[in-house]
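Enquirer: Quick one: the structure is below, questions incoming.
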Amino acid sequence: MGTSTFRKTKIKDLLEEKISVEIKRGREYSFIPMENVESGAKFPRAIETKTFNGSGSKFSDGDTLFARITPCLQNKKIIRVKELQNGVGFGSTEFFVFRAKNGRTDPDYLYYTTKLEDLISTAKLSMAGASGRQRADINSIYDYEVCVPDFPIQTRIASVLSAYDDLIENNEKRTKALEGMAQLLYAEWFVKFKFPRHQTVKMVDSDTRYGMIPEGWEVVKIDDILETVKRKTKLQTDEYQKTGLYPIIDQGKDFIAGYTENGDTVYKESIIVFGDHSRCFKYINFPFACGADGTQLLKTNDSERMPQVLLFYSVVNAGLQNFNYARHFKFLKSLTIMKPDKTTARAFHELTDQIFNQIKVLRQTNIIVGRLRELLIPQLVTGKREVKGYDQKNQKD
């Protein structure tokens, strides 16, 4: 494949001029809010269901959603949608919706084209409006010129890049399955009280909402078992990089905003991230940096009877299933949780540590795979690098 097969064209020539989506007011459809779009992810983190009231961007399976508002555009919130209920859905009003021109543009190739750094920079330069609510001009994207190959080559390029995203998606599914295993283990031991040796342990009245609990356990306020975590040097936005050794959790959001090479800002041990201004509550067991003032870092002060992972699941079980109801740190600290004996706590930690070590490997693999994909996108999409295994004979076939 040579660069001669690529022709310069505007993005608008790759798109369907009119997008038709059959959605009726008052009915339930698949819904994708902006917070379900993660930077670097090809597909939404989750697809919700919501009644359509006439407001929102409308789209179908295969469409590309491109965040147009600050800071979502700067964070490169761009996804391709699939597996919508009945093939259609709606989402945030802050999405541009792009649909590949039938027979002219491969939908996956279009998605990767919208992720070109120069195109995103062009869209950012077009932003206008009040501070903090600036939006890109869609014409800046329509008029952006890019070198595009014939349809068969587009499909081949898209398949190569999609292989990276498929691996990332599969690893994410495995991660969620492992997290589910840890959650089920917690429920079995600390909700149903079916922990090892439970048949030999006497149950006593705790005089709390927990009722009867194993003898030797106690109910404590979260505030009483938290150790103060001092922040390292605050990270500035201009320190964020596309690649690096340590992922950054930014502005309390539950996505990775960038990376840093500065080990002085990194938390080396497991920690709990609680975003008091967003829906963020995560257990992190690999080195990371935190660049947000609106994020609390939680750490246990009793690693023997309340290891970090047990603190995480205990807090979730205590009342943080819906983070919209628990935005304030004071509310979190006032909750009560159960503190087991050392033997039970240690056994739970050992089992879940094995689970989270597997999760750690999967996440770190995804970081590496994601970096490789980002490096390949501008090389393959614009024809600067040849797709191996493709030749003119393949094109004729």
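Enquirer: Taking strands (runs of 3 or more DSSP E) that fall entirely within segment 1-94, which contain at least 3 residues that are of a type in the set (D, E, K, R) and farther than 18 Å from ASP108 by Cα? Spell out how you get there, then give the answer.
Expert: Numbers: elements: 7-10, 28-32, 48-51, 57-60, 64-67, 78-80, 88-91.
So the answer is none; nothing clears 3.
Enquirer: Separate question: Test LEU380 against the stated conditions and say whether it is over 20 Å from the mean Cα position of the chain (by Cα) and surrounded by 14 or more Cβ atoms within 10 Å (Cβ to Cβ).
Expert: yes
Enquirer: Step by step: first the residues of segment 310-351, then only those that are at pLDDT 95 or above and among the β-branched types (Val, Ile, Thr), then the one that is surrounded by the fewest Cβ atoms within 10 Å (Cβ to Cβ). Which residue is that?
Expert: THR343
Enquirer: So CYS147 fits all but one of (1) part of a strand (DSSP E or B); (2) under 30 Å from LYS24 (Cα atoms); what number is the exception?
Expert: All conditions are met except number (2).
Enquirer: Something else now. Exactly one of (1) outside any loop (DSSP other than H, G, I, E, B); (2) at positive phi is unmet by ASP165. Its number?
Expert: (2)
Enquirer: Please go through segment 1-17 and give me each residue that is surrounded by fewer than 18 Cβ atoms within 10 Å (Cβ to Cβ) and either of a type in the set (Ser, Thr, Tyr) or within 19 Å of THR114 (Cβ to Cβ) (or both), ordered by number.
Expert: Passing the criteria: THR3, SER4, THR5, ARG7, LYS8, THR9, LYS10, LYS12, ASP13, GLU16, GLU17.
Enquirer: Mind listing just one residue for me: the one in segment 187-208 that is free of Cβ contacts under 8 Å to residues at least 12 places away in the same chain and over 24 Å from THR352 (Cβ atoms) and, of those, most open to solvent (accessible area, probe 1.4 Å)?
Expert: ASP207
Enquirer: Of the conditions (1) closer than 30 Å to ASP165 by Cβ; (2) open to solvent by 60 Å² or more (accessible area, probe 1.4 Å); (3) modelled with pLDDT under 90, GLN354 fails just one. Which one is it?
Expert: Here GLN354 meets the rest and fails (3).
Enquirer: Within the set of pairs 6+ apart or on separate chains, which have a first residue in segment 359-374 that is over 14 Å from SER162 (Cα atoms), a second that is in a helix (DSSP H, G or I) and open to solvent by 50 Å² or more (accessible area, probe 1.4 Å), and C-beta atoms under 7 Å apart?
Expert: ILE359/GLU179; LEU362/ARG174
Enquirer: Can you give me the number of residues within segment 209-223 that are surrounded by 12 or more Cβ atoms within 10 Å (Cβ to Cβ) and part of a loop (DSSP other than H, G, I, E, B)?
Expert: So the count comes out to 3.
Enquirer: Being open to solvent by 30 Å² or more (accessible area, probe 1.4 Å) and of a type in the set (D, E, K, R) is the filter here; which residues of segment 88-106 pass it?
Expert: Listed by number, the residues that qualify are ARG99, LYS101, ARG104.
The values are calculated or read from the model by the stated rules, or taken from the named source; none is laboratory data. A quick note: this is a predicted structure, and the numbers were derived from the prediction, not measured. Cβ: placed from backbone, ideal geometry, glycine included. Neighbour counts: every protein chain shown. The protein model used for the area step is the full one, side chains on, heavy atoms only, and it has no ligands, DNA or RNA in it. Shrake-Rupley method; radii C 1.70, N 1.55, O 1.52, S 1.80 Å.
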